[in-house]
Amino acid sequence: MDANNDAPDCDKRGEAASVIKAIAVDCGGVLLKMRWTAALRRWEELLNMGSRSLGPYIWSLPCASQATVGEISADVAWREVGTALGLSECATSRLRYDFDRADTVNFSLLRFLASLSTGVHIAIATNSWSDAHHKLRRVIRALPSAPATVISSEIGAAKPSSIFYERLLSRLDVCGEECILIDDSRLNVNASSFLNIEGVLFRSNTQCITDIRHVLTRC
């Protein structure tokens with residue numbers, strides 16, 4: 001199916017629409033979780049910023065939104081981050097390196113997803129910059145087969161836009177009723193419901209796995 005088309009026509013699928021065929025999982029905050037490392041704390045001290053405020057500051061910059069939908073590359077976005085923080089090119093590269101190293105893979109959730117029936121396909125649905133594939137390598141290696149990926153910077157649309165969810169369903173060739181979305185943003189989960197996607201708000205591994213099992217049993 002052409003990824004540029006809208007979501008599949010589910011009215012023609014009848015009973016099959018109630019069977020979960022795919023689980024789409026957010027990356028940042030779910031499959032990759034950021035640890036507030038000593039290196040990041042040192043950056044905050046250097047920049048006279050409050051505890052855990054550096055990340056939110058970076059994500060609030062216009063360049064972050066532009067990079068998320070692919071208007072600029074990750075390299076350009078990080079250069080603009082460095083400029084906003086008054087950092088040299090060398091210091092900006094180091095900050096980027098420290099941010100990347102702070103990501104830790106959620107192996108517990110990945111093991112659960114890998115244990116599911118082969119009839120349930122796993123996908124990664126993420127609002128990410130153009131360097132997403134580099135970050136996703138460690139996640140993909142933990143799964144038995146390569147998942148489908150829908151990355152905002154590649155499709156020019158980000159969650160919670162309906163365009164993102166339409167592209168996701170098209171990529172997976174499933175209807176909303178046949179798909180679960182796991183995300184740590186309530187806004188993203190709520191928005192997915194407009195396309196009849198079963199949303200699971202991620203708060204912890206235990207809660208998330210329980211909620212997924214509940215949906216799979218119900219369907």
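All of the numbers you see were taken from the coordinates with simple rules; none came from a lab. A quick note: this is a predicted structure, and the numbers were derived from the prediction, not measured. Heads up, the Cβs are rebuilt from the backbone with ideal geometry, glycines too, and the neighbour counts pull from every protein chain shown.
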So, relative contact order of the chain in percent, Cα under 8 Å, 6 or more apart, is 32 percent
In the chain the cysteines whose Cβ sits 4.7 Å or more from every other Cys Cβ are CYS27, CYS63, CYS90, CYS179, CYS208, CYS219
Suppose each label sits 7 Å from its Cα in the direction of the beta carbon; what would the THR104-HIS214 distance come out to in nanometres?
2.7 nm
Whole-percent pair-distance distribution, where bins are 10 Å wide, for the alpha carbons of the chain
8, 32, 34, 18, 7, 1
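Sorted from largest to smallest, which semi-axis lengths in Å does the alpha carbon gyration tensor of the range 123-219 give for its equivalent ellipsoid, taking the root of 5 times each eigenvalue? Let's see the in-between values first.
Working: eigenvalues 82, 59, 34 Å².
In descending order, the three semi-axes are 20, 17, 13 Å.
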Enumerate the whole-percent occupancy of each 10 Å bin, from 0 to the last occupied one, for all C-alpha pair distances of the range 36-101.
21, 58, 20, 1
Quick one: if you stick a label point 7 Å off each Cα along the C-beta vector at HIS133 and SER162, how many nm between them?
3.1 nm
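In deg cm²/dmol, rounded to 500, what helix-only [θ] at 222 nm does the chain give when every DSSP H run of at least 4 residues adds -39500 (n - 2.57) and the total is split over its residues?
When only DSSP H runs of four or more count, the value is -13500 deg cm²/dmol.
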Label zone at LEU187, where the point sits 7 Å out along the Cα-to-Cβ direction: the range 127-150 residues whose backbone N lies under 16 Å
127-128
What span do the alpha-carbon atoms of the range 54-147 cover on each of the three principal axes, reported in whole Å from largest to smallest?
50, 24, 19
For HIS121, HIS214, what's the fewest-to-most ordering of other Cβ within 10 Å of each Cβ?
HIS214, HIS121
Just grab the label-to-label distance for ARG203 and ASP173, each label 7 Å out from Cα along the Cβ direction, in nm (one decimal).
3.8 nm
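So between SER73 and VAL120, what do we pick up on full extension, going 0.36 nm a residue minus the alpha carbon distance?
Numbers: separation 47, 0.36 × 47 = 16.92 nm, distance 3.30 nm.
Length gained, SER73 through VAL120: 13.6 nm.
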